[in-house]
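Right, one structure below, let's go through it.
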Amino acid sequence: MAAPTSGASVELADVVKDYGTGSLALDSLSLHAQPGEFVALLGPSGCGKTTALRSVAGLESVTSGRISIDGYDVTTQPTNKRDLGMVFQSYSLFPHLDALANVEFGLRMRKVPTDERRERALESLEMVGLGGFGKRFAHQLSGGQQQRVALARALVTRPRVLLLDEPLSALDAKVRVQLREEIRRIQTELGITTLFVTHDQEEALAVADRVAVMRAGRIEQIGTPESLYTQPATTFVAEFVGLSNRLPGLVSGGFVEVYGVELPLLDPTVAKGPATVYLRPEDVEIVGCAGGAAGGAGAAGSGLLTPQIRGTVVSSSFLGSIRRSTVRLPDGELIAVQHGVSVKPASGENVSLRFTGACVSVSPREAPSSVAA
Ligand code: ADP
Ligand code: MG
């Protein structure tokens, strides 16, 4: 087992990256990862995730701002002075070297003696579950195995910071989930500070201590997965993290009215008037449904005692432990409902819905102009 690494803090302070394209790739980005913390950078394509990571790595020079590792200003330091390991999306193994030689590479560069090099590389391969694979070349390894070797190669020098840029996005769904859990396990064992870039919100929520949601070169919100999901600070975060329904509402006197139902406002400062309301599918319940033993049982539940909303089932999907149904409301709006598998709404069936939780976000209806800004 490798000696435990103590992770270093990583700080970006007001970092700007201007490629001269007319918009900033990083627009005064600030982020402080604590030693040993696993921070995911989450955001749509083009929001600056890779640029942020490459700036921390020293592969990109920043236009202004400061980058510190372990409290030391490394803004102008070359990559090899920053004590980090990196894994990228595309398989980046040297094709002419076997797995063991790939992993040894960083140690060879550091002139570590052969015996020690071999021992540490084997140890590193063991750690990623590829103990017996040292003699394989990249073309003899699956995508997931290649990324494991890349991870072993990144960790063999025992860096204090690990940078991962969409390391799982080329893999199929099952391998992705396995490998993300393994990355998290190894990261926790080593205590290595990790920045993990992904555009997949589920992946970010599943592995990170904190998630930084990025938009247009900035961090829109940073927080624990739970806090982002239950208290998104902006509608962008509400839409990007988790599933939500967008429904028309009317804000007045501390409540927002949605289809005749008054829901409490998490943020009482929202302007009165027409609004777009974001409601999670698990906060909507089907109460009148012919299919399934539990149909209608929810009416006696502890949800808000509210008028019921009528709708027609469009579709319903069995997802293993839950079922998700889409219901069309009389005005044509579609609403996603998440419920137990014992409730089996049939397409075309008329059902009643009830809101059982607060909306996660409310924005004034004039929102389209602010989206364009
Ligand atoms: P992400 O990784 O989130 O998809 P990137 O960091 O790759 O985003 O890109 C952020 C923005 O910077 C994008 O608008 C992209 O087109 C731009 N960009 C990235 N690299 C370069 C480059 N070398 N030259 C010019 N523009 C770039
Ligand atoms: Mg990228």
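Does G65 meet the test of being farther than 24 Å from A150 by Cβ, more than 16 Å from ligand 2 (Cβ to nearest atom) and in contact with a helix residue (DSSP H, G or I) (Cβ under 9 Å, 6 or more places away or on another chain)?
yes
Restricting the search to the range 26-49, which residues are open to solvent by 20 Å² or more (accessible area, probe 1.4 Å) and either within 15 Å of ligand 1 (Cβ to nearest atom) or assigned to a strand (DSSP E or B) (or both)?
If the condition is that a residue be open to solvent by 20 Å² or more (accessible area, probe 1.4 Å) and either within 15 Å of ligand 1 (Cβ to nearest atom) or assigned to a strand (DSSP E or B) (or both), then D27, S28, S30, H32, P44, S45, G46 are the ones that fit.
Filter the range 50-62 down to the residues that are more than 16 Å from ligand 2 (Cβ to nearest atom) and within 16 Å of D27 (Cα to Cα), then identify the one that is surrounded by the most Cβ atoms within 10 Å (Cβ to Cβ).
Taking the candidates together, the pick is V62.
Among the residues of the range 6-23, are any assigned to a loop (DSSP other than H, G, I, E, B), out of contact with any Leu (no Cβ under 6 Å at 6 or more places or on another chain) and crowded, with 24+ Cβ neighbours inside 10 Å? Give the derivation first.
Restricting attention to the range 6-23, the residues satisfying the condition of being assigned to a loop (DSSP other than H, G, I, E, B) are 6-9, 18-23.
This time we only want the ones that are out of contact with any Leu (no Cβ under 6 Å at 6 or more places or on another chain), so: 6-9, 19-23.
Still in the running and crowded, with 24+ Cβ neighbours inside 10 Å: none.
No, because not a single residue in the range 6-23 is assigned to a loop (DSSP other than H, G, I, E, B), out of contact with any Leu (no Cβ under 6 Å at 6 or more places or on another chain) and crowded, with 24+ Cβ neighbours inside 10 Å.
Go through the range 130-173 and give me each residue that's open to solvent by 50 Å² or more (accessible area, probe 1.4 Å) and on the phi > 0 side of the Ramachandran plot.
Across the range 130-173, the qualifying residue is only R158.
From (1) away from ligand 2 (no atom under 16 Å from the Cβ); (2) of a type in the set (S, T, N, Q); (3) under 21 Å from E166 (Cβ atoms); (4) surrounded by fewer than 22 Cβ atoms within 10 Å (Cβ to Cβ), pick out the condition that doesn't hold for N102.
Evaluating N102 over (1) away from ligand 2 (no atom under 16 Å from the Cβ); (2) of a type in the set (S, T, N, Q); (3) under 21 Å from E166 (Cβ atoms); (4) surrounded by fewer than 22 Cβ atoms within 10 Å (Cβ to Cβ) leaves (4) as the failure.
Residues checked against (1) in contact with a strand residue (DSSP E or B) (Cβ under 6 Å, 6 or more places away or on another chain); (2) outside the structural domain of T51 (by TED's automatic domain parsing); (3) not basic (K, R):
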| residue | (1), (2), (3) |
| --- | --- |
| R160 | no, no, no |
| L164 | yes, no, yes |
| P167 | yes, no, yes |
| K174 | no, no, no |
| E182 | no, no, yes |
| Q187 | yes, no, yes |
| T193 | yes, no, yes |
| A216 | no, no, yes |
| I222 | yes, no, yes |
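Among the residues of the range 108-118, are any open to solvent by less than 60 Å² (accessible area, probe 1.4 Å) and at positive phi?
no
For E239, which of the numbered conditions (1) in contact with a Ser or Thr (Cβ under 9 Å, 6 or more places away or on another chain); (2) in contact (Cβ under 8 Å) with a residue 40 or more places away in the chain; (3) open to solvent by 40 Å² or more (accessible area, probe 1.4 Å); (4) closer than 20 Å to Y278 by Cβ fails to hold?
Evaluating E239 over (1) in contact with a Ser or Thr (Cβ under 9 Å, 6 or more places away or on another chain); (2) in contact (Cβ under 8 Å) with a residue 40 or more places away in the chain; (3) open to solvent by 40 Å² or more (accessible area, probe 1.4 Å); (4) closer than 20 Å to Y278 by Cβ leaves (2) as the failure.
Say whether the condition of being among the basic types (K, R), near ligand 1 (Cβ under 10 Å from one of its atoms) and touching a Ser or Thr at 6+ places or on another chain (Cβ under 8 Å) is met by at least one residue in the range 65-86.
No: the range 65-86 contains no residue that is among the basic types (K, R), near ligand 1 (Cβ under 10 Å from one of its atoms) and touching a Ser or Thr at 6+ places or on another chain (Cβ under 8 Å).
Among (1) aliphatic (A, V, I, L, M); (2) within 16 Å of ligand 2 (Cβ to nearest atom); (3) under 20 Å from the mean Cα position of the chain (by Cα), which single condition is A33 missing?
Checking A33 against (1) aliphatic (A, V, I, L, M); (2) within 16 Å of ligand 2 (Cβ to nearest atom); (3) under 20 Å from the mean Cα position of the chain (by Cα), the one that fails is (2).
Yes or no: the range 177-188 includes at least one residue that is open to solvent by 50 Å² or more (accessible area, probe 1.4 Å), of a type in the set (S, T, Y) and closer than 13 Å to V362 by Cβ.
no
Regarding T193, is this residue more than 16 Å from the chain's Cα centre (by Cα) and away from ligand 2 (no atom under 16 Å from the Cβ)?
Judged against the criteria, T193 is a match.
Can you name every one of the strands (runs of 3 or more DSSP E) wholly within the range 179-284 that holds 3 or more residues which are of a type in the set (A, V, I, L, M) and within 16 Å of ligand 1 (Cβ to nearest atom)?
Counting at least 3 such residues, we get 210-215.
The values are calculated or read from the model by the stated rules, or taken from the named source; none is laboratory data. Keep in mind the model is a prediction, meaning the values are calculated, not measured. Neighbour counts are summed over all protein chains in view; Cβ atoms, including those assigned to glycine, are modelled from backbone coordinates with ideal geometry. Keep in mind that these areas ignore ligands, DNA and RNA; they rest on the heavy atoms of the full protein, side chains included. Shrake-Rupley method; radii C 1.70, N 1.55, O 1.52, S 1.80 Å.
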